[in-house]
Amino acid sequence: MSGRAFFDSNILIYLFDESSPAKQARARELFDGHGRTGQIVLSPQVLQEFYVTVTRKLARPLAGDAALAAVTHFSAYPLVPVDGSTVLRAVQLHQSASLSFWDALIIEAALEGSCQKVFSEDMQHGRRFGDLVIENPFS
């Protein structure tokens, strides 16, 4: 595991999604490996998306106290603050790079967090933004 890695919410969600055991195992492997070396970076957006999804959209949603415990645990990792300038850069990236605004906000947070990669199932595997590369760990 080399370099800081930004984890998109979908990877965190798979840690709790019992309906996808192969993806759950891979997400655990990635999270545990990067966690041991202190290379995990997150953002408030990721925590928000995680909470909503695991409490409403999983086949077996998490109870509120379990979801709160997970968000509390994830909050201990470095969180890249999202401010007005981050949002403006995300808008510009969205307009120039054919990305959804939410994906552009993830990219901008990862860049601000000095990450070398973004783990995401939802973005184009191998796509680069400067020194930052998107990696789909399930492909």
With x for Gly and Pro, the residue-by-residue ³J(HN,Hα) of the range 105-121, computed from phi through the Karplus equation 6.51 cos²θ - 1.76 cosθ + 1.60 at θ = phi - 60° and given in whole Hz, is 5, 4, 4, 5, 5, 5, 5, 5, x, 6, 8, 9, 8, 10, 8, 7, 7
The answer for GluC sites (Glu not before Pro) in the range 1-54 that fall in a DSSP coil and have at most 16 neighbouring Cβ atoms within 10 Å is GLU18
Longest principal axis of the chain (C-alpha) makes with the long axis of helix 21-36 (C-alpha) an angle, in degrees to the nearest 10, of 70
Length gained, ARG26-HIS125, 0.36 nm per residue minus C-alpha separation, equals 34.0 nm
Candidates LEU93, LEU42, LEU12; GNM for the chain (alpha-carbon contacts under 10 Å) flags as most fluctuating LEU93
Yeah, the range 1-44 with a ≥ b ≥ c from its alpha-carbon gyration tensor (a/c under 1.5 is rounded, else prolate when a/b outruns b/c, oblate otherwise) is oblate
The percentage of the accessible area of the chain (probe 1.4 Å, all protein chains present) made up of carbon and sulfur atoms, to the nearest whole number, is 53
Longest principal axis of the chain (C-alpha) makes with the long axis of helix 84-97 (C-alpha) an angle, in degrees to the nearest 10, of 80
Expected max-MSF residue from HIS94, HIS73, HIS125 in the GNM of the chain (alpha carbon, under 10 Å) is HIS73
For the chain, the Cα gyration tensor yields equivalent-ellipsoid semi-axes (√(5λ), largest first, whole Å) of 23, 17, 15
With every protein chain kept in place and a 1.4 Å probe, the range 51-113 has an accessible area per residue in Å² of 58
When the chain is treated as a Gaussian network with springs between alpha carbons less than 10 Å apart, the largest mean-square fluctuation among LYS23, LYS117, LYS57 is found at LYS57
Zone reached by a paramagnetic label modelled 7 Å from SER85 Cα along Cα→Cβ, restricted to the range 104-128 with backbone N below 18 Å, covers 105-115
Computed for the chain: size of charge dipole around the Cα centre, +1 on C-beta of each Lys and Arg, -1 on C-beta of each Asp and Glu, debye to nearest 20, value 160
When the charge dipole of the range 16-139 is computed with +1 on Lys and Arg Cβ and -1 on Asp and Glu Cβ about the Cα centre, the Cα farthest towards its positive end, among LEU47, THR86, HIS125, belongs to HIS125
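The values are calculated or read from the model by the stated rules, or taken from the named source; none is laboratory data. The shown structure was predicted, so the numbers you read here are calculated from the model rather than taken from an experiment. Counting neighbours? That spans all protein chains shown, and the Cβs are built from the backbone with ideal geometry, glycine included. Ligands, DNA and RNA are stripped out before the accessible areas are found, and what is left, the full protein with its side chains, is counted by its heavy atoms. Shrake-Rupley method; radii C 1.70, N 1.55, O 1.52, S 1.80 Å.
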